[in-house]
Each structure stands twice: as structure tokens, then as C-alpha cells.
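Engineer: Below is one structure. I have some questions about it.
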Amino acid sequence: MPVLITSFGIIAGAAILSAIAAPLTIATVGFSTGGVVAGSAAAGIHAGIGNVAAGSLFALFQSLGTMPLFTALIGA
């Protein structure tokens, strides 16, 4: 039984850490609730690829950056 409890704790801790780290990483790269932050790494990538294709990884990160939960987590 202790192994099960320890395994559950590790999995729960990893899930919580991921839920906090993912929005912070997205914000650090330059995706915000107002769009791509000027002068950020995301802006540089955007300039390099030009028009963003629907369904692309860049479009996904743009969507994640504008989510209300994302806003609540980072306070932007």
C-alpha cells in the first residue's frame, strides 16, 4: 500500500507542476492574452514564418496564451 500512495503522490505532484509550468513557459516565450508580445521569441518566430497556418503549433500556443484560465494563472 505505501508504494501505491507514493506513486499517486508523484503523479499528482507532476500534474500540478505541469499545470503551473506550462502557462509560465508560454508567457515567457511571448504569448499573452493580448497576442504575441513585441520583441519576444514568439514575435521572432512569427516574423520568420509569416502567416500562421490554422492548426499549427504556433496557432495552438497563440490560443493557449489567450485563454481566461491562463490569464488567471499569470495575472496578465
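Engineer: Are any residues in segment 25-69 assigned to a helix (DSSP H, G or I), surrounded by 15 or more Cβ atoms within 10 Å (Cβ to Cβ) and among the small types (Gly, Ala, Ser), and if so, which ones?
Structural biologist: Those that are assigned to a helix (DSSP H, G or I), surrounded by 15 or more Cβ atoms within 10 Å (Cβ to Cβ) and among the small types (Gly, Ala, Ser): Ala27, Ala42, Ala43, Gly65.
Engineer: Here's something else I'd like to know. Return yes or no: is Ala22 part of a helix (DSSP H, G or I), surrounded by 10 or more Cβ atoms within 10 Å (Cβ to Cβ) and at pLDDT below 90?
Structural biologist: Criteria met by Ala22.
The values are calculated or read from the model by the stated rules, or taken from the named source; none is laboratory data. Worth saying up front: this structure is predicted, and the values here are computed from it rather than measured. For neighbour counting, all protein chains shown are included, and Cβ atoms are generated from backbone atoms with ideal geometry for every residue, glycine included.
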